[in-house]
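Below is one structure, written out as C-alpha cells; the observations come after it.
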Amino acid sequence: MQTIPLAKPELGEAEIALVTETIHSGWITQGPRVAEFENALARTVGARHGIAVSSCTAALHLALKILGVGPGDEVILSPHSFIASANAVRYCGAKPVFVDIDPATLNMAPGKIPEAITARTRAIMVIHQVGRPADLEAISAIAKGHGLPLLEDAACALGSEYHGQPIGSNGFSPLVCFSFHPRKIISTGDGGMVMTNNDEWNTRLRRLRQHGMSVNDRERHQAATVVTEEYLELGYNYRLTDIQAALGLAQLGRLAGIIQRRRALAAHYDLELARIQKLELFREPGDSRWNHQTYLVRLREATASTRDRLMQQLLDAGIATRRGIMCSHREAAYADRSPRHALAHSEAAQDYAILVPIYAQMTEAEQDQVVQALRREVVR
C-alpha cells in the first residue's frame with residue numbers, strides 16, 4: 001500500500017532547470033544565486049534585508065547573538081515548538097524560560113509573559129506555531145513596555161499574514177527567522193533566512209555566517225585587485241549554497257499559488273472533519289491569514305495512548321501522521337532544567353493533537369482517503 005505522506009516538497013522541472021543552470025555556472029557555494037534568493041524573499045515579505053543561512057536554527061542562533069544574548073541571560077519562549085527554538089538559546093549560553101500557550105491558538109499566551117520576566121531576561125522569542133501568527137500586537141507591547149527586544153521564530157510562517165502584513169516584514173520585531181526545511185512552504189533541502197531592516201545588523205549577520213570574515217568570496221572574486229580578508233570576530237560556517245538557493249528561487253515564484261492551494265485543501269478539511277464530533281478543529285482568526293503549513297486536529301476526551309493507537313490505525317490504512325507539536329521541556333536534553341512555570345496547555349496540545357497530511361500537490365482522492373479514514377477510525 002502506498003502511504004500518503006504528511007508533507008511533500010514541491011519540486012519539479014523549474015527547480016531542475018535552475019539547479020542545472022547554477023551548476024553550469026561553476027559557482028555552487030554561497031554566491032550570486034544566494035544573493036538573488038535573499039533579495040527576492042526580502043521583496044516578497046517587505047523587509048529591507050534577507051540573510052540566508054544553513055538552517056533556521058542557525059538563523060535563530062545568529063539573531064540571538066545580534067541581540068547580545070549570552071551566558072547568564074534568559075530568553076522567554078514557548079516550550080511548544082520543535083526543540084531547535086530552545087536549543088538556539090542554549091547555544092548562546094543562555095537559559096530558555098518557558099511560558100505556556102493559549103490552547104485556542106497553540107501560540108504563547110501573552111498574559112503569561114510578564115510573570116516570567118526577571119532582571120536576567122534579555123529577549124522574548126515569539127513562535128508562529130505551524131505557520132499561524134502569534135498575537136504580535138500584544139506580545140510586542142509587553143516587550144516594549146519592559147525594554148526587551150522581540151525575535152520572531154517564523155520557521156513555518158512564510159506566506160502567512162498578520163494585520164494585513166506578511167510575516168517577515170519586521171513590523172513588530174527587528175529580526176524574523178524563516179526555515180526552508182522540506183516540510184516548510186518552500187524548501188531548499190535545508191536552510192533558513194534572517195529578515196531585518198537594520199543595516200548594521202545586516203552587515204554583521206553576513207559576517208557571522210561566514211567565520212567572521214570581513215570580505216566574502218564573491219566580493220574577492222569580483223575585485224580588480226588582490227584582497228586579503230580579515231576575521232574580525234568569532235563566526236560560524238552557516239552558509240547556504242547557490243544550489244540550494246536555486247531550489248528556493250524556483251519555488252518562491254510559485255509561492256502565491258502554493259498558499260492558495262493549501263488554503264483550499266484546509267477549507268475542504270474544515271468542511272468534512274467538522275462532522276466528526278470527536279475531533280476539535282482550529283479556526284483562523286479575523287486578524288490573520290494562515291499559510292496552512294500544517295493541518296492539525298485535536299482529539300476530544302482522548303489520552304496520549306488513544307492518540308497513538310489512532311495514528312497506528314491511520315498508518316495501517318496508508319496515511320502518515322505525526323503527534324502534536326513537541327514540548328521541549330519534556331525531552332531528555334532538558335531533564336535537568338525544571339520549568340519555572342506550569343505548562344499544562346502545552347503538554348495537552350502535544351498529547352491530544354494529530355497532524356494530518358497536507359501539501360500543495362495533494363489530490364482530491366488522497367484527501368478524501370484521509371477524511372474517510374478519520375471518520376472510520378475516530379468513531380470506533
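What the table shows:
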{"read-out": "Residues of region 354-376 satisfying the condition of being among the hydrophobic types (A, V, I, L, M, F, W, C) and either crowded, with 16+ Cβ neighbours inside 10 Å or in a strand (DSSP E or B) (or both)", "value": "Ile354, Leu355, Val356, Ile358, Ala360, Met362, Val370, Val371, Ala373, Leu374"}
{"read-out": "Search result, residues across region 88-104 that are without any contact (Cβ under 8 Å) to a residue 40 or more places away in the chain and out of contact with any Leu (no Cβ under 6 Å at 6 or more places or on another chain)", "value": "Val89, Arg90, Tyr91, Gly93, Ala94"}
{"read-out": "Qualifying positions in region 146-167 - part of a loop (DSSP other than H, G, I, E, B) and either over 21 Å from Leu255 (Cα atoms) or out of contact with any Asp or Glu (no Cβ under 8 Å at 6 or more places or on another chain) (or both)", "value": "His146, Gly147, Leu148, Pro149, Ala154, Ala155, Cys156, Ala157, Leu158, Gly159, Ser160, Gly164"}
{"read-out": "Boolean, Ala143 is of a type in the set (Gly, Ala, Ser), at pLDDT 95 or above, farther than 17 Å from Gly46 by Cα and not in a helix (DSSP H, G or I)", "value": "no"}
{"read-out": "Helices (runs of 4 or more DSSP H) contained in region 197-293 and holding at least 2 residues crowded, with 19+ Cβ neighbours inside 10 Å", "value": "199-208, 242-252, 255-273"}
{"read-out": "Ile4 more than 17 Å from Pro174 (Cα to Cα), surrounded by fewer than 21 Cβ atoms within 10 Å (Cβ to Cβ) and out of contact with any His (no Cβ under 6 Å at 6 or more places or on another chain)", "value": "no"}
{"read-out": "Cβ pairs under 7 Å, 6+ apart, first in region 54-71 and closer than 13 Å to Met125 by Cβ and in the same structural domain as Ala119 (by TED's automatic domain parsing), second part of a helix (DSSP H, G or I) and among the polar types (S, T, N, Q)", "value": "Thr57/Asn87; Leu60/Ser85"}
{"read-out": "Any hit, region 326-338, residues being of a type outside the set (D, E, K, R), buried (at least 18 other Cβ atoms within 10 Å of the Cβ) and touching a His at 6+ places or on another chain (Cβ under 9 Å)", "value": "yes"}
{"read-out": "Some residue of region 74-81 being touching a residue at least 12 places away in the same chain (Cβ under 8 Å), among the polar types (S, T, N, Q) and buried (at least 21 other Cβ atoms within 10 Å of the Cβ)", "value": "yes"}
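The values are calculated or read from the model by the stated rules, or taken from the named source; none is laboratory data. Computed from a prediction, not measured in an experiment: that's the story for all the values here. A quick note on method: Cβ atoms are made from the backbone with ideal geometry, for glycine too, and the neighbour counts reach across all protein chains shown.
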